[in-house]
Amino acid sequence: MNNAITIDGPVASGKTTVGKELAEKLGFQFLDTGVMYRAVTLAVLEAGIDPHDENLVSERAEHIRIDIYPPSKDDGRQYDVFLDGVDATWPIREDHVRDNVSLVSTYQRVRQALTAKQREIGLHGNIVMVGRDIGTVVLPDAAYKFFLIASVEERAKRRFLETQQSGRKTDLAEIQRSLEERDKIDSSRKLAPLKAAQDAIMIDTNHKSISQVVEEILSHIHIKEG
């Protein structure tokens, strides 16, 4: 069994913030796989490629370099994301990327390319990896698997506040509509759909602080180890 912790769940369920804090407490590496799909989507759009052109999108995904580092600026970012050597931390959060990332992530070759990179990192162990198919596809033999859930209303509020903190204009109703659409696409895609692994522990994050969720996860880990 791989000594890794997977945290899956829908958009804005708290995966990234919870996973990062959990990794810090355990002294583990942290990887948010979602930013890799956003980076591919940004690369596709910047290259003028139609996101509906599966072949060209897949070719782009197979030839880009994505690097993730600890945050270098105090502007609300949780990490630095570099795309082919250029800081893309905030560009991957822009609306046009958000509106196309779920489509891009449905393509088999895109998922294969990124899954291979993610699995290579994860198999070293001592890592908290978050995403939508980590426990089911990327690291099915992980030691601990968790699946976070929250209402779409709660998740929309979280994303709204996050966007405001970055200084960008946003609309709560539009964010909720976008989340509902992404949930539908992520859950219904044929390849690696969003779903909890059979042995994953479900955690409802509604009205809970990040620290509360982290402590809940730690309690499950300690019980299993005990």
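Please treat every number below as a calculation from the coordinates, not as lab data. All figures in this text were calculated on a predicted structure; none of them were measured in a lab. With ideal geometry, Cβ positions are generated from the backbone for all residues, glycine too; neighbour counts draw on all protein chains shown.
Find, among the GluC sites (Glu not before Pro) in segment 1-91, those assigned to loop by DSSP (not H, G, I, E, B) with at most 16 other beta-carbon atoms within 10 angstrom.
Glu62
Using a Förster distance of 30 angstrom, determine the FRET efficiency expected from the C-beta separation of Ile210 and Arg109, and round it to 0.05.
Values: r = 35 Å, r/R0 = 1.17.
Efficiency, rounded to the nearest 0.05: 0.30.
Taking the Cα of Ala143, stepping 7 Å toward and past its beta carbon, and measuring to each backbone N in segment 1-36: which are under 13 Å?
Hits in segment 1-36 for Ala143 at 13 Å: 1-6, 26-29.
Mind telling me which of Leu139, Leu31, Leu172 comes out most flexible in a GNM of the chain, alpha-carbon contacts under 10 Å?
Of Leu139, Leu31, Leu172, the Gaussian network model singles out Leu172 as fluctuating most.
Any idea what the dipole of segment 2-218 comes to, in debye rounded to 20, about its Cα centre with Lys/Arg Cβ at +1 and Asp/Glu Cβ at -1? Display every interim value, and only then the final one.
Working: 29 positive and 35 negative charges, 52 e Å.
With only Lys, Arg, Asp and Glu charged at Cβ, the dipole is about 240 debye.
Under the Karplus relation 6.51 cos²θ - 1.76 cosθ + 1.60, θ = phi - 60°, what is the ordered set of whole-Hz ³J(HN,Hα) values for segment 82-87, x standing for Gly and Pro?
10, 10, 6, x, 10, 5
Set the Förster distance to 30 Å, then compute FRET efficiency between His63 and Glu153 from the Cβ-Cβ distance, nearest 0.05. Don't skip to the end; give the middle numbers.
Numbers: r = 40 Å, r/R0 = 1.32.
Working from the Cβ atoms, E equals 0.15.
Taking a point 7 angstrom from the Cα of Asp75 along the C-beta vector, which residues in segment 154-186 have backbone N less than 19 Å away?
Correct set: 160-170.
Looking at the chain, identify the longest residue range that excludes and avoids all trypsin sites (Lys or Arg not before Pro) in DSSP loops having at most 15 other Cβ atoms within 10 Å. Display every interim value, and only then the final one.
Numbers: sites that count: Arg65, Lys73, Arg168, Lys169, Lys190, Lys195.
That gives 74-167 as the longest site-free run.
Return a single number: how many Lys pairs in the chain, at a sequence separation of 8 or more or on separate chains, have alpha-carbon atoms below 19 angstrom apart.
18
Can you compute the charge dipole magnitude of segment 27-67 about its Cα centre, using +1 on each Lys and Arg Cβ and -1 on each Asp and Glu Cβ, nothing else charged? Give it in debye, rounded to the nearest 20. Provide the component values of the computation, followed by the final result.
Details: 3 positive and 8 negative charges, 36 e Å.
The calculated dipole for segment 27-67 is roughly 180 debye.
I'd like to know which of His96, Tyr107, Leu56 lies farthest towards the positive end of the charge dipole of segment 27-138, counting +1 on Cβ of Lys and Arg and -1 on Cβ of Asp and Glu.
Of the candidates, Tyr107 comes out farthest on the positive side.
I'd like the FRET efficiency for Phe82 and Ile223, computed as 1/(1 + (r/R0)^6) with the beta carbon distance as r and R0 of 45 Å, rounded to 0.05.
E(calc), rounded to 0.05, equals 0.70.
Per DSSP H run of at least 4 residues, take -39500 (n - 2.57); add these up for the chain, divide by its residues and hand me the 222 nm value, nearest 500 deg cm²/dmol.
Numbers: 8 runs with 105 residues, N = 226.
The helix-only estimate for the chain comes to -15000 deg cm²/dmol at 222 nm.
Count the DSSP beta bridges whose two residues both fall in the chain, then state the antiparallel fraction as a percent rounded to the nearest 5. Walk me through the intermediate numbers first.
Values: 6 of 24 bridges.
Beta bridges within the chain, antiparallel portion: roughly 25 percent.
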